[in-house]
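Shown next, in structure tokens, is the structure this report addresses.
The values are calculated or read from the model by the stated rules, or taken from the named source; none is laboratory data. What you are looking at is a predicted structure, and each value in this text was computed from that prediction instead of being measured. Quick reminder, even Gly has a Cβ in these numbers, built from the backbone with ideal geometry, and neighbours come from all protein chains shown. These accessible areas exclude ligands, DNA and RNA; they are computed on the full protein's heavy atoms, side chains included. Shrake-Rupley method; radii C 1.70, N 1.55, O 1.52, S 1.80 Å.
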Amino acid sequence: MSEFKLLVTGCKGRMGQAVISAAEAQGVAVGASMDVGDSLSEALPKCSCTIDFSSHHFTKELLAESLRLGKGLVIGTTGHTDEELALIKEASKTIPVVFASNFSVGVNTLFWLTRKAAELLGPDFDLEVVEMHHRMKKDSPSGTARTLVEILAGVRGLDYDTDCRHGRFGDVGARTPKEIGVHALRGGDVVGDHTVVFANLGERVELTHKASSRDTFAGGAVRAARWLADKPAGLYDMQDVLGLK
Ligand code: NAD
């Protein structure tokens, strides 16, 4: 069998650089890397699987080429439109795809704890998610905050699009028991902080994760690519990779 080789897309970016270092640390060969202006159709045939941390605008092209060549894909990019999300889902019927808003072990533990806490604390607790990232981040709220809200909404039987409120400005009245608040802070060089607040009358529970290095995401993405190598077509997330399901 030929050697397992990675294609790193968005290779000049913060995460792309971290993925190249993580691959080296885990002894995984990088067969090619590309950024804006480079040819995907030249790079992908040299590799077994792609790790993508670039832009959601690139996802359509990357999926089409991966489908054409039958290559697996690890997508870390966030901020996708509904149409792009549907394309990812469709492609995963033919090729294996790991798609995760966060590749760190700590955040995936936070996802697990969030579901458990929401189930245990019950419907009387108000739910708010607060995230903070560096000043360069393009999408808001973060993909991780979105996943946290989707977990909370799932436990409460709520809908992400209709029951979640981004920020709270002006004369908006008291919060309703149904809503889930999402708040995005931007500044400095914060790698990624997420807090889930469960607030009731007289008490409050807060679950917080703080990332201080991108290496935690990059190492998880390389681990996901190695895990994906012998998997059939399907849509997987980091909980599958870590065996948390
Ligand atoms: P960045 O801006 O530092 O890097 C993105 C890179 O992608 C840039 O070099 C850019 O030129 C390149 N790029 C853009 N369009 C491209 C295209 N069409 N073809 C090839 N390359 C292209 O951003 P970043 O901080 O590295 O983050 C990248 C993405 O990863 C963002 O969506 C971010 O939210 C996400 N992210 C996810 C996780 C996770 O664990 N899932 C962690 C951190 C960041």
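Only residues that are farther than 21 Å from residue 229 by Cβ and either open to solvent by 60 Å² or more (accessible area, probe 1.4 Å) or more than 15 Å from the ligand (Cβ to nearest atom) (or both) were counted across the range 4-40, and they come to 6. Does residue 94 fit the bill of being more than 13 Å from the ligand (Cβ to nearest atom), part of a loop (DSSP other than H, G, I, E, B) and not acidic (Asp, Glu)? Criteria met by residue 94. Considered as a group, the residues in the range 209-226 that are within 24 Å of residue 150 (Cα to Cα) and either free of Cβ contacts under 8 Å to residues at least 24 places away in the same chain or of a type in the set (Gly, Ala, Ser) (or both) include one that is surrounded by the fewest Cβ atoms within 10 Å (Cβ to Cβ), and that residue is 210. Filtering the range 61-75 for residues that are surrounded by fewer than 22 Cβ atoms within 10 Å (Cβ to Cβ) and touching a Gly at 6+ places or on another chain (Cβ under 6 Å) leaves an empty set. Scanning the range 52-60 turns up one or more residues that are under 24 Å from residue 144 (Cβ atoms), out of contact with any strand residue (DSSP E or B) (no Cβ under 6 Å at 6 or more places or on another chain) and without any contact (Cβ under 8 Å) to a residue 12 or more places away in the chain. Restricted to the range 1-73, the set of helices (runs of 4 or more DSSP H) holding at least 2 residues that are more than 22 Å from residue 214 (Cβ to Cβ) comprises 40-43, 59-69.
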